[in-house]
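The values are calculated or read from the model by the stated rules, or taken from the named source; none is laboratory data. Bear in mind the structure is a predicted one, so any value in this text is a computation, not a measurement. Cβ placement follows ideal geometry from the backbone for every residue including glycine, while neighbour counts extend to all protein chains displayed. With ligands, DNA and RNA removed, areas are computed over all heavy atoms of the protein, side chains included. Shrake-Rupley method; radii C 1.70, N 1.55, O 1.52, S 1.80 Å.
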Amino acid sequence: MKRIGLLTSGGDCQALNATMRGIVKGLASNIQDLEVYGFENGYKGLIYGDYRLLTSRDFSGILTRGGTILGTSRVPFKTIREPDERGIDKVEAMKQNYYKLRLDCLVILGGNGTQKTANLLREEGLNIIHMPKTIDNDIWGTDMTFGFYSAVNIATEAIDCIHTTASSHNRVFIVEVMGHKVGWLTLYAGMASGADIILIPEIPYDIKKVIEAINARAKRGSGFTILAVAEGAISKEDAALSKKELKKKMEEDKKLYPSVSYAIAAEIEKETGMEIRVTVPGHMQRGGSPCPYDRMLATRLGSAAAKLIMADDYGYMVGIVNGKTKKIPLGECAGKLKMVTPDAQEIKEAKRIGISFGD
């Protein structure tokens, strides 16, 4: 008998269900006696013992279904060692529920914060497998995370739609793409949609350079400009501030502007007199059905996880490296971000065709 637990933690995204399906189908096709327990709403379910025994029906027809059949929530890693409002030791409670169900392993689907807690549970002696989920594609150790390409498709389509109205009205349009710390999603969607300017957190922008790029297009006869801006984009001036100074500055900016895109729009309009419009696709980027690539990736990663579980080989993230599934020790990848480097090939190639990054 194999008993496994499943939970999805952090923000939802496409292909969570597809990945769980891949894991369970990989096990059920090779093991006679299998019990699968699903913890409701992420780590909260593991802490408070909210779980249910899942059957084959739960995994039927979910390959194309977005979101997560288990629900999800955020339990910040920085508070995981702190007792909750009732004084419950969260880590100890998770361990006790794991042992109560006599689980052989716990499969955790989530992003960076989720992964850090998964690694903590591994250090506490639990058998853990982590599956790399995030639309940001910022998990260290894997070339790709499931959810990323589905989000790229949605963000790209949003910018594509903006192109027609921008060209019709000769305006500057800013499309704000998700990504607080890392700019992979904005970079890929911006390049795929033909954005003229791409602003990402890893490359602080100079607003004068941004305006120069807009004016240069106008001189060439292009009456409109499209900016793909990551929600975490930052100016060179702000990037030079200390953490304390930056936090204060951001609090002040929030009183004036809903997000960085509106601040950038105000600066451009002030300097150029052009009409600026801001579009924020927001949580649309995390919703809907997974794209075919993500379904394929999720199925492969799920199958690879099933192989590890059958071999009682735990303590790993299952990722993909150079097109092949690979197990990466959780202790090596937990807590690390995969950033866009300014000298990345994608950046160099984008600049070669005239895309500005405001630097």
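Numbers at a glance
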| item | result |
| --- | --- |
| Most mobile of Glu124, Glu269, Glu251 in a GNM of the chain (Cα contacts under 10 Å) | Glu251 |
| Between helix 90-100 and the chain: long-axis angle, C-alpha atoms, 0 to 90°, nearest 10 | 40 |
| GNM flexibility winner over the chain from Met191, Met178, Met317 (Cα, springs under 10 Å) | Met191 |
| Cα long-axis angle, helix 243-256 against the chain (0 to 90 degrees, to the nearest 10) | 70 |
| Using alpha-carbon coordinates, inclination of helix 112-123 to the longest axis of the chain, degrees | 30 |
| Accessible surface of the range 160-214, 1.4 Å probe, proportion on carbon and sulfur as whole % | 52 |
| Centre separation in Å (Cα based) which lies between the range 258-278 and the range 308-359 | 33 |
| Test item: Cα-centred dipole of the range 171-213, Lys/Arg +1 and Asp/Glu -1 on Cβ, debye | 60 |
| Where Cα atoms sit under 22 Å apart: lysine pairs in the range 267-359 separated by 8 or more or lying on different chains | 11 |
| Dipole moment magnitude, nearest 20 debye, the range 201-359 about Cα centre, only Lys, Arg, Asp, Glu C-beta charged | 340 |
| Helical contribution to [θ] at 222 nm, DSSP H n ≥ 4, -39,500 (n - 2.57), averaged over the chain, rounded to 500 | -12500 deg cm²/dmol |
| Cβ-based charge dipole, the chain, positive-most Cα from Ala298, Ser261, Ser73 | Ala298 |
| Anchor Lys2: aspartates and glutamates whose Cα lies under 19 Å away (excluding residues fewer than 8 positions away in-chain) | Asp33, Glu35, Asp58, Asp104, Asp312, Asp313 |
| Farthest toward positive dipole pole in the range 156-219 [+1 Lys/Arg, -1 Asp/Glu at C-beta], among Ile200, Ala218, Thr156 | Ala218 |
| Trypsin sites (Lys or Arg not before Pro) lying in DSSP loop within the range 159-210, provided at most 15 other Cβ fall within 10 Å | Lys181 |
| Whole-Hz couplings from phi, Karplus 6.51/-1.76/1.60, listed for the range 153-165; x for Gly and Pro | 4, 5, 4, 5, 5, 4, 5, 4, 5, 5, 3, 5, 6 |
| Distance between the range 91-113 and the range 200-227 - C-alpha centres, whole angstrom | 48 |
| Surface per residue (accessible, 1.4 Å probe) for the chain, Å² | 46 |
